[in-house]
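Read-outs throughout are calculated quantities, based only on the coordinates presented, and are distinct from any laboratory measurement. Note that this is a predicted model, so its numbers are computed, not measured. Here the Cβ positions follow ideal geometry from the backbone for every residue, glycine too, while neighbour counts run over all protein chains shown.
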Amino acid sequence: MPGTLQTWPPWLEFEEPTDYTPKDQDFDICKQAIIAEYGEEKLRQSWVQVCQDLELVTAEIAEKRSDIFPIFDCEAILKDGFSAEDQAAVKKYGCFIVRQTVSQDEARQAYEVLRQYRNDNQSEIQGWPAESPSMMMIYDSPTQIALRTHPNQLRLQRVLNQLWHDSSAETSPEPLLYSDGIRDRPPKQVFLGLGPHIDAGSLCRWADPTYRRAYEQIFAGNPRAHDAYNLAARKNANQTLFPGRAHSNVFRSFQGWTALTRAAASEGAIMLYPNVSTVIAYTLLRPFFRPPRDPKDVMDATKWEFDADGAWFPGTFKPDSQRLSRASHPHLRLEQCLTHIPDMRPGDTVWWHTDVCHAVDAVHNGRENASVAYIAACPKTESNIKYMKAQLQATREGRPPPDFAAGLILDERHFKGYRGHQGLSEAAKAALGYYL
């Protein structure tokens, strides 16, 4: 049974500084604003409760390992939706596998088309990271467009968006298609670029008043009341308050990978921390507390000191996603709880809530390339609609999508094998923003 890492990779650790004075006052400003609004007592109440809850969360994950992930058949979901029991599990863990979203034959054929497209246009394709490029900076290859617009993808994404709720009726679960990259990682390639992290911004979760309001119960002493699926609270959050290439302008209800090849533990797969609410609560409360001087007391939340004056946010860097580490976030027990997904076959998809911690395998010990397309579920919100209009215009004009345009010179219209949006269904065109 796959599970946790046998050897922890040399990912960054964020050690507690002995004397830290931030050069950037935004950290201190947002911290003081939260303290002024909610007060030490409420923050401490949440801190102790969350750390106690993590004892149960981490024990369950460490025991079940990869068996903890819900696994569904795509055809069954599209026919009957989630049962009440399944929906509860999905919302609790925030991540799950959907088998055969695309058939194996379709996925394998799509991979062959991708390989040909890459080979035909090799000199024009840039990769990331520079030291071990596997993430291809292309966004409109025939493979990506075919997978994004596949009827099953569109229907499944609608079901996933429906897991969120918005009493204002200003949003819709109808899917919008976000153009993202694609990965093709060869065996033995070491990759340390994506250690444990949470996307959708970093400091902005504390600094943007609207974003902060989405986590109000956490700061107000009621962390168990936090609703991680309240789109009404989340839809206007500013994820790019502090610009950076890691931040998306689009709200993704669930991020996702679509497998083009086999994906397995220690073969370049993704690792997930199967919990939403408790982990994000701990992450948000962590900057308000300083660890005890005696290392033996670190796991006792009541021994942590309230830090009203310090402005150190561990793993928080404005341009980057929110990072986590063993040293800075000990109660998460990352070594025991950052968990390999179950083996995936071509055409399977894995999905994780926008607040779920995840990382990419540092090693790939398999025999074949590990290839996935990044395809997320995005509901119709005002900000998402605005972005999709800009994205479609960029595609028509031969430019990269807005989130990936900085410093990238790319016009795929001139690539051999490029077909663009020819022959797409009306549903696909609607999801791409043609009728917005």
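Worth a mention:
- Stretch gain in nm, segment residue 87-residue 225, where the contour uses 0.36 nm per residue and the Cα spacing is subtracted: 47.9 nm
- C-alpha center-to-center spacing [the stretch 51-91, the stretch 215-238] in angstrom: 21 Å
- Placing a label point 7 Å from the Cα of residue 294 along the Cα-to-Cβ direction, the residues of the stretch 319-351 with a backbone N closer than 19 Å are 331.
- Close amide-amide hydrogen proximity is noted between residue 100 and 348, 349, each under 5 Å apart and 5 or more residues distant or on a separate chain (H modeled in the peptide plane; Pro and chain starts excluded).
- Hull-based mean projected area of the stretch 108-245, where the convex hull spans the alpha carbons, in square nanometres: 11.3 nm²
- At q = 0.12 Å⁻¹, base-10 log of I(q)/I(0) for the stretch 169-261 (Debye sum, equal scatterers on each alpha carbon): -0.52
- Comparing Cα centroids, the stretch 264-304 and the stretch 134-187 end up 30 angstrom apart.
- At the listed q of 0.09, 0.14 Å⁻¹, the Debye profile of the chain, built from one uniform point per Cα, gives log10 I(q)/I(0) equal to -0.55, -1.39.
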